[in-house]
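The values are calculated or read from the model by the stated rules, or taken from the named source; none is laboratory data. No experiment lies behind these values; they were computed from the predicted model shown. Cβ atoms come from the backbone with ideal geometry, glycine included; neighbour counts cover every protein chain shown.
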Amino acid sequence: MPRLADHWKIPEALAARIPAEAPGESAACAPPVAARFRGAPAWIHPAGADASRAPFVTDDGALRFFPDDAVANVQLERYVPRTAPDAAREAGLKRLYYALKPVLPRALQIHAQRVNARARLRSVTYPEWPQDDSLRSVLEALLAAVLEEAGRDSVPFIGFWPRGARWAACLTHDVETSAGLAAADRMARVEEGLGLRSTWFIVPERYPVSPADFAGLAERGHEIGVHGLNHDCREFESREEFTRRVPLIGAYLRAWGAVGFRSPALYRNPDWIPDLEIRYDSSFMDTAVLEPQRGGVSAPFPFHLGARVVELPITLPMDHHLINLLRRDTVDGMLTKFRWVVERHGLANLLFHPDYNLEERRLRDYAKVVEAIRATDGGWIATAREIADWWDRRRASTLVEEGGRARIEGPAAADATIWLARREGPRVRVVPRT
């Protein structure tokens with residue numbers, strides 16, 4: 001999969017210069033090694049001396065690597081330790097926690113999660129929380145190297161967002177309990193008052209639910225997605241269990257007219273998710289330091305899992321982190337990260353649970369966050385389905401350069417904008433055009 005070219009969507013003639021080999025695409029690949037490229041942290045599988053096209057070299061000149069491999073290793077979280085002693089210890093603690101969870105009072109569950117979150121913040125050095133720019137830095141450094149090799153100072157590319165928008169936002173909600181389902185309408189009315197609609201991931205078999213329970217949301221333009229099967233967090237426990245659940249989840253997707261999926265507790269496997277009958281997934285985070293499954297994609301942009309599934313990573317701290325784990329101000333925590341994403345022309349994908357926002361003051365905080373996002377110039381606020389559809393159309397389109405002019409061909413041509421990437425030292429500067 002051409003990950004670097006898919007991100008930048010530069011002219012085809014220039015994209016053809018990028019070596020596409022990517023060992024990190026394979027689930028069976030060895031763990032990548034840490035390196036640096038033009039000052040940016042990278043995770044690579046070194047290319048052998050016999051590799052026909054591996055023009056990228058680490059900062060110390062010791063290793064050659066393929067650019068798409070470096071991108072895949074982060075987007076697919078290949079860098080996360082799988083066999084080290086700390087990984088085995090974490091796996092054992094998770095098994096113990098979920099075995100005891102049914103008999104643990106909710107307050108004790110939150111306390112255990114809070115202790116774990118504080119330990120993670122002290123011990124995990126990559127990715128940084130609440131934001132990490134590593135993959136975006138690598139993507140820029142790789143494009144700068146391509147331009148330098150081609151003798152160019154700048155290149156046009158298909159802009160990240162449609163209709164002249166410089167950033168995008170998506171309002172999403174995980175409905176974990178019947179109380180959350182009953183409270184969903186209150187949060188939706190906040191959004192509707194600002195002319196916005198959101199995406200609601202609902203659990204099919206944890207609490208009584210039928211399409212009639214969310215028909216009002218759908219009729220008013222909100223999107224419905226599926227949030228696992230019963231929220232026991234076992235979807236990715238084994239290949240056998242995942243395979244058993246695929247048709248069960250698929251039945252709800254079809255019955256609800258849903259095309260999107262988010263896994264409970266954000267457990268995930270990039271190699272299995274494409275087996276679901278979905279157009280997009282939203283189970284990754286840009287920095288998943290505080291989640292039960294560690295990881296993070298280190299960039300606030302969508303990408304593809306396999307050939308057809310768009311991944312929309314959550315890129316703002318979720319309300320559970322701020323309210324329950326860290327006890328921090330929700331409005332400040334959300335909007336500080338939102339401004340960081342906007343500066344990078346990325347996707348601000350935020351997650352609020354109606355279950356954690358039952359109190360009036362919590363609802364007011366949510367309103368403040370949404371109002372601030374709505375008041376920020378230059379953005380496109382859409383449902384997850386709309387954003388995934390755009391990212392697919394962008395991927396299927398091409399940028400053609402002829403006679404010093406560039407044009408877009410393909411399904412995104414009607415509403416796409418041509419942006420510019422200008423080489424500045426070891427990186428590039430993105431210049432949006434409206």
State the number of residues belonging to region 124-147 that are assigned to a helix (DSSP H, G or I) and either touching a His at 6+ places or on another chain (Cβ under 6 Å) or hydroxyl-bearing (Ser, Thr, Tyr) (or both).
-> 3
Qualifying positions in region 202-234 - of a type in the set (Lys, Arg) and surrounded by 14 or more Cβ atoms within 10 Å (Cβ to Cβ) | Arg206, Arg234
For residues in region 235-269 being touching a residue at least 24 places away in the same chain (Cβ under 8 Å) and basic (Lys, Arg), which is surrounded by the fewest Cβ atoms within 10 Å (Cβ to Cβ)?
-> Arg239
Any residue in region 391-403 that's in contact (Cβ under 8 Å) with a residue 12 or more places away in the chain: show its pairings with residues that are of a type in the set (S, T, N, Q) and in a strand (DSSP E or B) at Cβ separation under 7 Å, as long as the two are six or more apart or on different chains.
-> none
Of all strands (runs of 3 or more DSSP E) fully inside region 372-434, the set with 1 or more residues that are within 16 Å of Arg344 (Cα to Cα) is 379-381, 418-424, 427-431
Identity of the residue in region 55-104, closer than 26 Å to Ser283 by Cα, more than 23 Å from the chain's Cα centre (by Cα) and part of a loop (DSSP other than H, G, I, E, B), that ends up modelled with the highest pLDDT | Thr83
When the residues of region 183-194 are filtered to those that are without any contact (Cβ under 8 Å) to a residue 40 or more places away in the chain and surrounded by fewer than 20 Cβ atoms within 10 Å (Cβ to Cβ), which remaining residue is farthest from Trp256 (Cα to Cα)?
-> Gly193
Restricting attention to region 10-28, report how many residues are within 30 Å of Gly403 (Cβ to Cβ) and in contact (Cβ under 8 Å) with a residue 24 or more places away in the chain.
-> 9
If you take the residues of region 336-362 that are surrounded by fewer than 18 Cβ atoms within 10 Å (Cβ to Cβ) and of a type outside the set (Lys, Arg), which of them is nearest to Ala265 (Cα to Cα)?
-> Leu358
Residue hits (region 55-70; in contact with a strand residue (DSSP E or B) (Cβ under 8 Å, 6 or more places away or on another chain) and within 14 Å of Arg3 (Cα to Cα)) are Phe66, Pro67, Asp69, Ala70
Reported set for region 333-368 where residues are small (Gly, Ala, Ser) and either part of a strand (DSSP E or B) or free of Cβ contacts under 8 Å to residues at least 60 places away in the same chain (or both) is Ala348
Among the residues of region 148-158, is any without any contact (Cβ under 8 Å) to a residue 60 or more places away in the chain and under 25 Å from the mean Cα position of the chain (by Cα)?
-> no
Within region 410-434, can you find the residues that are touching a residue at least 40 places away in the same chain (Cβ under 8 Å) and among the basic types (Lys, Arg)?
-> Arg422, Arg423, Arg427, Arg433
Expected output for region 369-384 (first residue exposed (fewer than 14 other Cβ atoms within 10 Å of the Cβ) and at pLDDT 95 or above, partner acidic (Asp, Glu) and assigned to a helix (DSSP H, G or I), Cβ below 6 Å, 6+ apart or cross-chain) is none
What are the residues in region 154-176 that are closer than 21 Å to Ile314 by Cα and in a loop (DSSP other than H, G, I, E, B), if any?
-> Gly159, Phe160, Trp161, Pro162, Ala165, Arg166, Glu176
